[in-house]
Amino acid sequence: MRRRHLKTPNIISNQRGVSLIELIVVMGIIVIMSMISGGGVALFFRKYDELRKYAELQNDAIELLNYIKFGIPVGDEGAALTQTGLGDYQFHKPKEYYGVNNALTIQFLNAPYGARQSNSIRVIPILVQDHGLTPSDYADFYYHNGTVRCRRSYQGSGSSTVLTLFPKTGTRDYISLDEISFKQLNNGSNISVLDVTLRAKVEVGPKRYKRLMYRTQMVKK
């Protein structure tokens, strides 16, 4: 009986080695994918940095307007301390808040008599005898060399700490103030309604900026 011999493929001999051209092609594909991946990562971090800086500009601008409207802390125990390297302030148990909303009188600073607009204001609070406030108490929100600053006096004693509210100390390399203005809207000599405009920008790249403009009304109660 004839035995049939099955031919089995010689697997080893039929496998082809990787040629130099194929190796070069594969390496080229890997390089291209790496470049695309690296560029995507770089683009992600660049966009993230732009969004972070713009969000920081918005937050700092809103914080400034809230200080002016609702009040800056006064009568804190000790000077205001810098909380972070960006220049945030931490107030220790403030006694009062001096702002437009709780003002007895609002005055324009750095403006001629009778002016209806300025880049600086003085807020004189409503006198509260129980808290020992005096007619000399005030909070000044004023423009100085591209920044908005604040001076405060509580119970007749002015604070030695001048607060730089905007742009903050740690953000001036990329955030800048274009305009801060206070305009009287009501008739008469006493200021009771203010139109407040804030314009600023943040540098998100070499000579590339995102701009912001907030405009709001504040009313003395």
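The conditions of being of a type outside the set (D, E, K, R) and assigned to a loop (DSSP other than H, G, I, E, B) are met by residue 189.
When residue 89 is tested against the conditions (1) modelled with pLDDT under 90; (2) touching a strand residue (DSSP E or B) at 6+ places or on another chain (Cβ under 6 Å), the lone failure is (2).
When residue 169 is tested against (1) in contact with a Phe, Trp or Tyr (Cβ under 9 Å, 6 or more places away or on another chain); (2) exposed (fewer than 15 other Cβ atoms within 10 Å of the Cβ); (3) touching a residue at least 60 places away in the same chain (Cβ under 8 Å), exactly one condition is not met: (1).
For residue 153, are the conditions met, namely being surrounded by 15 or more Cβ atoms within 10 Å (Cβ to Cβ) and either part of a strand (DSSP E or B) or at pLDDT below 95 (or both)?
Yes, satisfied.
For the stretch 180-202, the count of residues that are acidic (Asp, Glu) and at pLDDT below 95 is zero.
Taken together, the residues in the stretch 70-86 that are modelled with pLDDT under 70, more than 19 Å from residue 172 (Cβ to Cβ) and outside any loop (DSSP other than H, G, I, E, B) amount to 1. When residue 135 is tested against (1) at pLDDT 90 or above; (2) surrounded by fewer than 16 Cβ atoms within 10 Å (Cβ to Cβ), just one condition goes unmet, and that condition is (1).
The values are calculated or read from the model by the stated rules, or taken from the named source; none is laboratory data. Nothing here was measured: the structure is a model prediction, and the numbers come from that model. In this analysis, Cβ positions are derived from the backbone assuming ideal geometry, glycine residues included, and neighbour counts consider all displayed protein chains.
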